[in-house]
Amino acid sequence: MYADDIALVTETQKALQEALTIIDKVFIQWGMQISIQKTQILCLQSGAQIEDIDDSEQFWLRKQLLDQVNEFNYLNLGSICSADMSMQPEIASRLSRAGGAYHKLSRLKIWKDRNISLKIKMVPYYTRSLFSPLWHTYVWM
């Protein structure tokens, strides 16, 4: 049995450590286990960086240290959370994906075909290039 995509949100480090311990015990009772290798801790704090985190802010599960990160790519789908709550990594990622989509479209033969109207040519442009940066925005809304 697997449990994916769990986010624990607390106001203090102590509360997060307690929540991790409790949820781990509950999962074990239900025959599940949290993967320590896949678990990442992202502490959100305006202006925070991983270097600013001291030893007292480390998190443990079953006597193993959990990985703390500055950025987290939600499900590898492109939605990026960063420790300093900046939107810059997210914006850069979306612009990069839109540029890649536009580049793929530019290689299509339809752009050079004079028998295809501009209206028809714009359909893949709108669906690929313009909407790529918006893909998965529902995650944050």
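Yes or no, residue by residue, for (1) closer than 30 Å to residue 13 by Cβ; (2) open to solvent by less than 90 Å² (accessible area, probe 1.4 Å); (3) at pLDDT below 75:
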| position | (1), (2), (3) |
| --- | --- |
| 75 | yes, yes, yes |
| 78 | yes, yes, yes |
| 88 | yes, no, no |
| 115 | no, no, no |
| 127 | no, yes, yes |
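Within segment 1-42, the set of residues being in contact with a helix residue (DSSP H, G or I) (Cβ under 7 Å, 6 or more places away or on another chain) and touching a residue at least 40 places away in the same chain (Cβ under 8 Å) comprises just one member, 13. Do we find that residue 102 is over 26 Å from residue 7 (Cβ atoms) and at pLDDT below 70 in this structure? In short, no. When both residues are 6+ apart or on different chains and their Cβ atoms are under 6 Å apart, which pairs have a first residue that lies in segment 110-137 and is assigned to a helix (DSSP H, G or I), and a second that is modelled with pLDDT of 80 or more? Short answer, once both residue conditions are applied: 110/116.
The values are calculated or read from the model by the stated rules, or taken from the named source; none is laboratory data. As the structure is a prediction and not an experimental result, all values here were calculated from the model. When we count neighbours, we look across all protein chains shown, and the Cβ atoms used for this are built from the backbone with ideal geometry, even at glycine. Accessible surface areas use protein heavy atoms only, side chains included; no ligands, DNA or RNA. Shrake-Rupley method; radii C 1.70, N 1.55, O 1.52, S 1.80 Å.
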